[in-house]
Amino acid sequence: MAHLHAVLLLLAASTSPPDAEAAEAAWAAWSDFPGPPIFTPMDPLEYERSALFAPPVLQPKGCFAFSIRFDYASAIQLYNNNPNSVLLDAEIGHLTFAGALKVSPSVFLFAMGGVQGAYAGFLDNVLNWYHGLFGIPYPQRAERPINKFGYYFQSGGARDTYKPVGLTLLDTTLGVGWMLAPKLQLLTVVVVPTAWVDGYAAHTVQFGAMLTWQTPLFWSWLQLQTTLGVGATPQADGGLLEKYQNVVFGSTSVGLKARLTEHNYLYANFFFQSPIYHHTGDPPLDVVDGSLDFGWTFHWDSGWEFWAGITENPVDNGIALDVVFTFGVRFGL
């Protein structure tokens, strides 16, 4: 990180703030994907209840754009409170497809879906070493056996237990986007309940609207992205958790993307979401979720872009997962 700071300071020192015309030219010079990749929560306790995520500007420069991404996450949440307790000890994978189709200069259609799986996994020893290297305590991990799956919510003497799943569908997101201004986007979505496995599915239609603003910040090589979202999910079959489900949600994100060379970019994006549940007595179900998504992208002139990233939970709150590894490609034409 120190090396990154040095690079950014060197670039800042050698670059003067552009005038308005130069700023517009710099914006046009960005790749087909000016913002960071789409950020979507990976915790099933979260994504089965909220339609919100952090979209960049998705209007294709040409006719259409699509992306394929693979997320692999390690989760460890263990709270033995009274009367409720929750455990999620798993490794979770998502293979997600997303596409945008321009239907007018300011309107596009959006679709996102894919498959998921949840397993006992293989990363526990690696992550124990990683946390020890940086002095990060994880007492929940110490209380659990290595690479052992566990997922339940217990209330009093009753318990809902969820099993590992192989390849199964995610819920499907359909949306319409409007470019309210060249750098301001409104995306409205409906999530269709195509997933069916308890513990990994909404079992109801979900709704969301997200406003995204992207603009160069101080220098033409540095871009700011902010989002605001509001969503609603009716109470649905959630077993013992159903009576604790919130219905209305809010989200926000703040991100930066830096162009280091013609083809190389770095990005970082903070995402926050309002509590998914209430009065369970189990943190982190009842508090705001905070996630930091960061990584590197490489852009080809042909319109292809590859990225690799990591999502961490930098503060002890929310139901963000321990760590998520992300790899993806996107293409615009």
request  = Can you tell me the FRET efficiency between GLU242 and LEU211 if r is taken as the Cβ-Cβ distance and R0 is 25 Å, rounded to the nearest 0.05?
outcome  = 0.25
note = With no solvent term and unit scatterers on the alpha-carbon positions of the chain, Debye gives log₁₀ I(q)/I(0) at q = 0.12 Å⁻¹ of -0.85
task = Working from Cα positions, state the angle (0 to 90°, nearest 10) between the long axis of helix 124-133 and the longest principal axis of the chain.
result = 60
Isotropic mean projected area of the C-alpha convex hull, region 46-163 (nm²) = 10.2
task = Would you mind calculating the gained length between HIS278 and ASN147 on full extension (0.36 nm times residue separation, minus the Cα-Cα distance), in nm to one decimal?
result = 44.2 nm
Rel. contact order, % - alpha carbon contacts under 8 angstrom, at least six apart, the chain = 19
Chymotrypsin sites (Phe, Trp or Tyr not before Pro) restricted to DSSP loop in region 120-164 with at most 12 other C-beta within 10 Å = PHE122, PHE134
In degrees, nearest ten, helix 2-13 long axis to first principal axis of the chain (Cα) = 30
Check: the chain dipole with +1 on Lys, Arg Cβ and -1 on Asp, Glu Cβ, in debye = 300
key: Cleavage-rule hits (trypsin sites (Lys or Arg not before Pro)) in region 141-185: DSSP loop, at most 16 neighbouring Cβ within 10 angstrom   = LYS148
note = Within the under-15-Å Cβ sphere about PRO145, not counting PRO145, Lys/Arg +1 and Asp/Glu -1 give a net charge of -1
note = Helix 20-29 sits off the longest principal axis of the Cα atoms of the chain, rounded to the nearest 10 on a 0 to 90 degree scale, by 60
query = Counting pairs of alpha carbon atoms under 8 Å apart in space and at least six apart in sequence, what relative contact order in percent does region 199-333 give?
reply = 15
key: Reciprocal mean inverse distance between Cα atoms of region 93-136 - Kirkwood radius, Å   = 14.2
remark   = Here region 298-304 yields Karplus 3J(HN,Hα) values (6.51, -1.76, 1.60; θ = phi - 60°; whole Hz; Gly and Pro given as x) of 10, 10, 9, 4, 6, x, 8
query = For the pair LEU180 and TRP129, how long in nm is the line joining their label points, each one 7 Å along Cα→Cβ?
reply = 4.9
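Bear in mind these aren't lab numbers, they're just calculated from the coordinates by the rules spelled out. Everything numeric here is computed off the predicted structure, so don't read it as measured data. So basically every Cβ, Gly included, is an ideal-geometry build from the backbone, and we count neighbours across all protein chains shown.
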